[in-house]
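Report on the following structure.
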Amino acid sequence: MRKVGVLTSGGDAPGMNAALRAVVRSGVAAGVQVVGIERGFQGLMAGSLRPMDAGSVSNIINRGGTILRSARSEEFKTAAGQARAAQVIEREAIDGLVLIGGDGTYRGGLAINSTCGVRVVGIPGTIDNDIPGTRYTIGFDTAINTAMDAIDRVRDTSASHDRVFVVEVMGRHNGFIAMEVGLAAGAEAVIIPECPCDMIGLCEEVMAWNARGKMSCIIIVAEGAASAADVATAITQVTRIETRLTVLGHIQRGGSPSARDRALATRFGHHAVQLLREGATNVMVGVQEGSEVVASPLEQVLEGRRDLNLSLFDVVRVMAT
Ligand code: F6P
């Protein structure tokens with residue numbers, strides 16, 4: 001392994017910079033040349049590369065976002081786009097790629113591996129925590145802490161005014177963020193894409209809580225399940241209780257990564273370089289229950305599903321009593 005390219009792709013996540021730093025430093029320590037590829041696959045096709053030395057990643061472990069920038073590239077999904085990227089890889093003599101991102105990023109990785117044979121290792125970086133093959137993705141811990149912090153503030157005003165608050169969090173396809181932050185922030189209900197929501201049942205619960213003196217409550221909605229505005233309107237119409245809404249949006253994607261995300265990203269980055277040096281390809285690093293870092297075939301990651309533990313609804317329900 002002589003030269004490794006590293007890129008960040010898809011939605012950014014706090015901790016991507018920490019992973020980049022680990023890839024660069026581990027590469028340099030092993031005598032491997034590292035180049036940063038700007039704006040994900042878009043930059044790979046355009047040949048936007050920058051040589052990275054140990055100093056180039058100084059003081060970024062604590063920074064949110066990604067200094068390499070990120071993009072979602074439609075062009076790279078085409079055979080012509082992949083051929084352009086392959087030309088750059090061959091011209092630059094890159095023999096390994098570390099791809100920091102989510103499932104779309106791995107699909108791109110498999111495509112470029114089959115186009116030109118470059119070895120590919122993925123690092124799971126997304127706030128959604130929805131990647132099979134790992135218990136945690138980089139950015140999830142920071143995102144839920146950011147959301148929890150915001151909801152704590154919402155709780156103060158909600159309690160002061162005896163209001164229902166509907167808080168919309170990210171999660172287009174699943175409720176990992178919604179459920180975890182619902183538990184951590186003590187929400188009375190959580191609405192997620194995995195389960196149909198019985199709005200009338202929820203409104204009756206809100207009225208029952210109200211009748212026995214619980215005058216304010218917080219309802220978390222994952223963006224993929226419903227819009228906070230629709231949920232708030234329905235609650236007001238049915239219960240006649242004053243309801244407000246807050247959409248947290250991209251606030252959840254920014255900010256300095258938590259200790260857990262920085263440490264995880266550092267371990268992932270280090271392990272990804274080791275795997276490339278050992279000749280591995282088409283795998284993603286991940287962490288399992290026992291906290292060991294492991295590798296899973298990308299095909300398995302893309303075919304798999306991570307299911308949310310729906311029994312957590314019972315915990316939310318009990319906590320709401
Ligand atoms: O995948 C990460 C994520 O933040 C999702 O939770 C969210 O639905 C999506 O990206 C938003 O994408 P964009 O930044 O393109 O609006």
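The values are calculated or read from the model by the stated rules, or taken from the named source; none is laboratory data. Only a predicted model underlies this, so the values are computations on that prediction, with no experimental measurement involved. Glycine also receives a Cβ, built like all others from the backbone with ideal geometry; neighbour counts cover every protein chain displayed. Remember, those area values only see protein heavy atoms, side chains included, never the ligands or the DNA or RNA. Shrake-Rupley method; radii C 1.70, N 1.55, O 1.52, S 1.80 Å.
Structure notes:
- When I241 is tested against (1) open to solvent by less than 40 Å² (accessible area, probe 1.4 Å); (2) in a loop (DSSP other than H, G, I, E, B); (3) under 20 Å from A143 (Cβ atoms), exactly one condition is not met: (3).
- Residue pairs whose Cβ atoms lie under 6 Å apart, sitting 6 or more positions apart in sequence or on different chains, and linking a residue in segment 269-280 that is modelled with pLDDT under 95 to a partner that is in a loop (DSSP other than H, G, I, E, B), do not occur here.
- Output for segment 111-168, where each listed residue is of a type in the set (A, V, I, L, M) and touching a strand residue (DSSP E or B) at 6+ places or on another chain (Cβ under 6 Å): V118, V120, V121, I123, I131, I138, A147, I151, V154, V164, V166, V167
- Extreme residue, farthest from H250 (Cα to Cα), among residues of segment 161-213 that are away from the ligand (no atom under 16 Å from the Cβ) and among the aromatic types (F, W, Y): W209
- Residue in segment 258-267 that is open to solvent by less than 60 Å² (accessible area, probe 1.4 Å) and either in a loop (DSSP other than H, G, I, E, B) or under 21 Å from G182 (Cβ atoms) (or both) present: yes
- Selection within segment 244-257: residues that are within 16 Å of the ligand (Cβ to nearest atom) and among the small types (G, A, S). The member of this set that is surrounded by the most Cβ atoms within 10 Å (Cβ to Cβ) is G255.
- Filter pass, N62 being buried (at least 23 other Cβ atoms within 10 Å of the Cβ), at pLDDT 95 or above and polar (S, T, N, Q): no
- Test: V154 is outside any helix (DSSP H, G or I), open to solvent by less than 50 Å² (accessible area, probe 1.4 Å) and away from the ligand (no atom under 16 Å from the Cβ): no
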